[in-house]
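Everything below concerns the one structure shown next.
All of the numbers you see were taken from the coordinates with simple rules; none came from a lab. These numbers come from a predicted model, not from an experiment. Cβ: placed from backbone, ideal geometry, glycine included. Neighbour counts: every protein chain shown.
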Amino acid sequence: MAYLQPSEVKSEKNLKNEDINEKKEKSLYEPIIQNDDLLHIIVSAENPEVAAPYNLKSVSVNNVTGNTNINQNQLEAYLVDKNGEIEFPQLGKMKLAGLTRLEAVEKIKKQLTDYIQNPTVYISIVNFKVSVLGEVTRPGSHTISSERITLLEALSLSGDLTVYGKRENIMVIREKSGEKTIATVDITKADFIHSPYYYLSQNDVIYVEANRVKMGSSLVGPSVTVGLSVLSIALGIILIAVN
């Protein structure tokens, strides 16, 4: 079944201005920082020594590749705790959960301006991942470096749906502010691109349900197969005896 089928035929020339503006607005997606997120936060300034106290120290990590030891420096990450806060050097507790990345950047910059002139702040979510389960070619979890991924891209990373996957009823399990929600998405409809589940949030779980064909075949389990085999053998013996 084809994906993203239009619900109605509408040429680009006939699109109203509000339709175009709506599409532009909904395409501007940015993830929301959540509890248990791991964040890399780097503060920089014209004078690196001034910014140094506001950065976490890097840790040394040994990676073994073949017979070669590679010593790498890796930045420590901030853990967003159950209260949605991080412990920021020099500034103390700071609540970032519920903010977009840009909002968090502006909040930190505002608090740093009393100590650093024109600070630059960079934030990235280290543990941004999504999991895809069910009727896909390669189920599993995917770590996302860009912090922005669509449902179709996540399915693509898993090798797309199998022929048994229900394309009209894909479940997205999402946790927000400690509350889990389950939504169903129909990727055969073009209107899906305006759904709040078109772009995935960190730790989303996608489940692709099996269609009726697969569910029906699963009813014929090993015990039924063995029974049919025994029955066919018995019939064969009876036919031989009769002949």
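Applying 1/(1 + (r/R0)^6) with r as the Cβ-Cβ distance of Leu79 and Ile237 and R0 = 51 angstrom yields a FRET efficiency of 0.15. A Förster radius of 25 Å combined with the Cβ-Cβ distance from Ser141 to Ala2 puts the calculated FRET efficiency at roughly 0.35.
List, in the order given, every pair from Lys57/Lys109; Lys82/Lys176; Lys57/Lys176; Lys109/Lys176 whose Cα-Cα distance in the structure shown is over 24 Å.
Values: Lys57/Lys109 19 Å; Lys82/Lys176 12 Å; Lys57/Lys176 31 Å; Lys109/Lys176 26 Å.
Listed pairs above 24 Å: Lys57/Lys176; Lys109/Lys176.
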